[in-house]
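The values are calculated or read from the model by the stated rules, or taken from the named source; none is laboratory data. It should be emphasised that the depicted structure is a prediction, and the values quoted were computed from it without experimental measurement. Neighbour counts are summed over all protein chains in view; Cβ atoms, including those assigned to glycine, are modelled from backbone coordinates with ideal geometry.
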Amino acid sequence: MWLSYRIIVVGGFIRPRWDVFLGMIIILVAGLLMWVKPGLIEFEGPKILVPILVALSAAGLVGYTAYSYVVNSRAKQALSIVAGVTDEYVVFKKPVRGRKGYIVSNGSWTLAAGESRAYRYNTEFEEYGSFEGDKVEIRDLVMNGYTYAVNRKGTGYVKLPGVLIEEPEYKDVIIGLIPSDLNYSMKPLTLTAKSDSGDTATANIRVENGVLKADISFARKKAREARLDIVRASSGGILSLLTTVADPVGVVRNTGSKTFTRKLTHGARIAVVSYKAVFSPLRLRKALSHVKIAEQYSITGFMDGEYYARLIIGYAFKKPVIESGKLEISIVRG
């Protein structure tokens, strides 16, 4: 009855560079053809190299497949020792050794010269302390909050309080926590955007009882809409379109005023069990999409980073008018 977090598994296979993987397949096929039908493919070199190349390519393919299976299944196997997760403890069915701290992961899609579009990510564990036993206290970490800023394509940044297991049988299994009952406060913010076409939009933004509220007023002349977004600035700044994550708060398309509300967390207590080598913002977003009790926001937590409100007057065939202001959101403790 004390179980308070829903546990989900974030798994996935480790994918090598496609050109290396394809190269191993080509070498394997070519080697087999030269072996089975000598003379079909001309090869100038010692004949002993043919079976060696075939063996190495086959070993590489089998090794990659086996390693991917082990990595993907190790997180699922970790569920066999997790007894439950509460706001106070992560509890195990048997004593284990590990570290507690923060799981930090960055991910984005890249396109380099000569390469296909690929998803790159890096996941690290920031140590806060160590533990050994059948449970570990995590209340102090949970109260510091978390950060989830991931767009629909998987680009973004994640920082979750959690633990990393060092027991050989479950080495590098991670358990990250997404709490739902954090209390937030924010300094009220007002934004006003005006265009040379006579369109005017105003947004009054505040936090009440831990919920963000925005009153948007729109005087429409020629614009298509007035939209308010929450933005987490990337390392390249708020205007870096490739890595900036934005989350819509509300849209007004006709003259008038509307009030929009949204939670600042996912609305559900979620414990994420994964393996450090495969955990990424993209895979976390996909896993959360299957949790029906969670709000599907792109930005929640607000533990670290710089956040902005962005008021946009949009046009069909004209550059939008944008006004931005920094959101000073903090967690209320005690």
Any residue that is modelled with pLDDT of 95 or more, buried (at least 18 other Cβ atoms within 10 Å of the Cβ), not small (Gly, Ala, Ser) and not in a loop (DSSP other than H, G, I, E, B) - is there at least one of those in the stretch 231-246? no
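Condition check ((1) modelled with pLDDT under 85; (2) part of a loop (DSSP other than H, G, I, E, B); (3) under 20 Å from LEU177 (Cβ atoms)) across all residues:
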position: GLY267; (1), (2), (3): yes, yes, yes
position: VAL273; (1), (2), (3): no, no, yes
position: PHE279; (1), (2), (3): no, yes, yes
position: HIS290; (1), (2), (3): yes, yes, yes
position: ALA294; (1), (2), (3): yes, yes, yes
position: ARG310; (1), (2), (3): no, no, no
position: LYS319; (1), (2), (3): no, yes, no
Just a yes or no: is a residue in the stretch 92-111 touching a residue at least 60 places away in the same chain (Cβ under 8 Å), in contact with a helix residue (DSSP H, G or I) (Cβ under 8 Å, 6 or more places away or on another chain) and of a type in the set (Ser, Thr, Tyr)? yes
Look through the stretch 297-327, keep the residues that are loosely packed, with under 14 Cβ neighbours inside 10 Å and not basic (Lys, Arg), and return whichever of them is farthest from VAL10 (Cα to Cα). PHE317
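Residue-by-condition table, conditions (1) modelled with pLDDT under 90; (2) within 16 Å of LEU327 (Cα to Cα); (3) under 15 Å from the mean Cα position of the chain (by Cα):
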{"site": "TYR157", "(1), (2), (3)": "no, no, yes"}
{"site": "VAL163", "(1), (2), (3)": "no, no, no"}
{"site": "LYS171", "(1), (2), (3)": "yes, no, no"}
{"site": "GLY176", "(1), (2), (3)": "no, no, yes"}
{"site": "SER185", "(1), (2), (3)": "no, yes, no"}
{"site": "ASN204", "(1), (2), (3)": "no, yes, no"}
{"site": "LEU212", "(1), (2), (3)": "no, yes, no"}
